[in-house]
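Reviewing the structure listed below.
Coordinate-derived values only; no laboratory data. Note that the coordinates shown come from a computational prediction; the quantities given were computed from them, not determined experimentally. Cβ placement follows ideal geometry from the backbone for every residue including glycine, while neighbour counts extend to all protein chains displayed.
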Amino acid sequence: MVTTTDEHAMERALAVAACARRIAPPNPWVGCVIVGADGAVVGEGATQSPGGAHAEVGALAAAGAAARGATAYVTLEPCAHHGRTPPCTDALLAAGVARVVVAIEDPDPQVAGRGIARLREAGIDVEVGCRAEAATALLAPYLHQRRTGRAFALLKTATSLDGRSAAADGTSQWITGPEARLDAHGIRAESQAVIVGSGTALADRPSLTARDCEPPAERQPRRVLLDASGRVPAEGPLFDVALGAPLVFTTTAAPASRVDEWRAAGADIETVDPQGGGVHLEQVLVALAQRHGVVQAMVEGGAALHGAFLDLGLADRVVAYVAPILLGREARPAFDLAGPATLGDATRWRITDTVAFGADVRITLDPIPTAEVA
Ligand SMILES: NC(=O)c1ccc[n+]([C@@H]2O[C@H](COP(=O)([O-])OP(=O)(O)OC[C@H]3O[C@@H](n4cnc5c(N)ncnc54)[C@H](OP(=O)(O)O)[C@@H]3O)[C@@H](O)[C@H]2O)c1
């Protein structure tokens, strides 16, 4: 049975897990807290960078002998397989913990219940489901990536009050103020890839790096360009390899001379199928997850690319920074999509969070699961 004491300890483990959000991917960001028989916390740990200690191992090391007979609170099912590090279940058993409380099961096919089964087989008392909702929310991008095989696509946009993302002349820097832009750099730091369409690459010449955020980004996201027809020349900050080699997704429609130019500039190139005049977005998200270790891909538009993600049902989260400014009917929309014929057919989203940043507001929205749409 899960008690209030268990929930408090798991709350702490979730806070510890959140600290590993930027460094753990492609592994999940997990927290572990070890509580001794007298109720005192004797060890805490969070997932380290890939190849480093998992949360359980860090917490057990901190606890030392005090782990014997203790309860371990883990935000995700412990692994039972040999990956880059040995199984966490073995570490928990060797340390002699008496009870393990797990928030949620790990959908990764290599784990998927095996960690819990292994502990129970060894006689450990295992509880599953403590603070499951909070753990699911914290790990949403990871859970999505492991269940679907696709990177979690987070669409970020800065819009005017009338839903525009660029003025009539294409200028969009800056719609929002410095506080909102700083926050967006924090999302870049949590993402393993930042994606733009060729329209934005040509108009804005972005660098797509995570800058100025606190704490500073330890790892930069992969900078990704979607350019089906080879419109973007290999120049400017996006092709500055000192900032990291960019990754270009293109199709066979791009001229060989452009592909050679990208390659000579140091870019990595992946050719995917065409789709609606662009690149095949699902293939892009699968490639990012499977070949580039991307858990969360931040899509930074513009309108055409965002619209395509939404039309295809491939947008897993929208983060809209809304500024108190009006740009009018000639300005570009934030999302250029087909849209429903009638209001009743419109897709509704769930607002999960609203926060003010300076003069602007950040709205975070998740799709409503099909099962919940009446
Ligand atoms: N306010 C904001 O948050 C924000 C953010 C970003 C950009 N912007 C503004 O948005 C404007 C650019 O937006 P945009 O709509 O013109 O261009 P965009 O969405 O950045 O890029 C669209 C282009 O991406 C390429 N693409 C590749 N695969 C695609 C696919 N599957 N679906 C759709 N496009 C795909 C296509 O060109 P190819 O056929 O050449 O591949 C397409 O024309 C600029 O003015 C920029 O300043 C604003």
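Descriptive notes on the structure:
- Within-15-Å neighbourhood charge of G244 [Cβ basis; K, R +1; D, E -1]: +2
- Set of the range 266-304 residues, backbone N closer than 11 Å to the point 7 Å along the Cα-Cβ line of S229: 277-278
- Spin-label model distance (nm) - R291 vs L161, 7 Å beyond Cα toward Cβ: 4.6 nm
- Net charge dipole size for the chain [Lys, Arg +1 and Asp, Glu -1 on Cβ; Debye, nearest 20]: 360 debye
- Packing-based exposure ordering (other Cβ within 10 Å, fewest first) of D353, D6: D353, D6
- Relative contact order (%) - the range 149-372, alpha-carbon pairs under 8 angstrom, separation at least six: 32 percent
- Gained length - T3 relative to R147, 0.36 nm times residue gap less alpha-carbon distance: 48.9 nm
- Between the range 129-160 and the range 43-84, the alpha-carbon center distance in angstrom: 23 Å
- Spacing of the two label points (7 Å from each Cα toward its C-beta) at E11 and E330, in nm: 5.5 nm
- In this calculation the C-beta distance from A132 to E214 is compared with R0 = 22 Å, giving a FRET efficiency of 0.15.
- Percent RCO, i.e. relative contact order, over the chain, from Cα pairs under 8 Å lying at least 6 residues apart: 15 percent
- For the chain: rounded, prolate or oblate by the Cα gyration tensor [a/c cutoff 1.5]: prolate
- Helix-only arithmetic for the chain: the sum of -39500 (n - 2.57) across DSSP H runs with n ≥ 4, divided by the residue total, places the mean residue ellipticity at 222 nm at -8000 deg cm²/dmol.
- Annotation: the antiparallel percentage among DSSP beta bridges lying fully within the chain is about 45.
- Sparse-neighbourhood loop sites, trypsin sites (Lys or Arg not before Pro) in the range 327-362 - DSSP loop, at most 10 other Cβ within 10 angstrom: R329, R348
- Electrostatic dipole magnitude of the range 4-143 [Cβ: Lys, Arg +1; Asp, Glu -1; Cα centre; debye, to 20]: 360 debye
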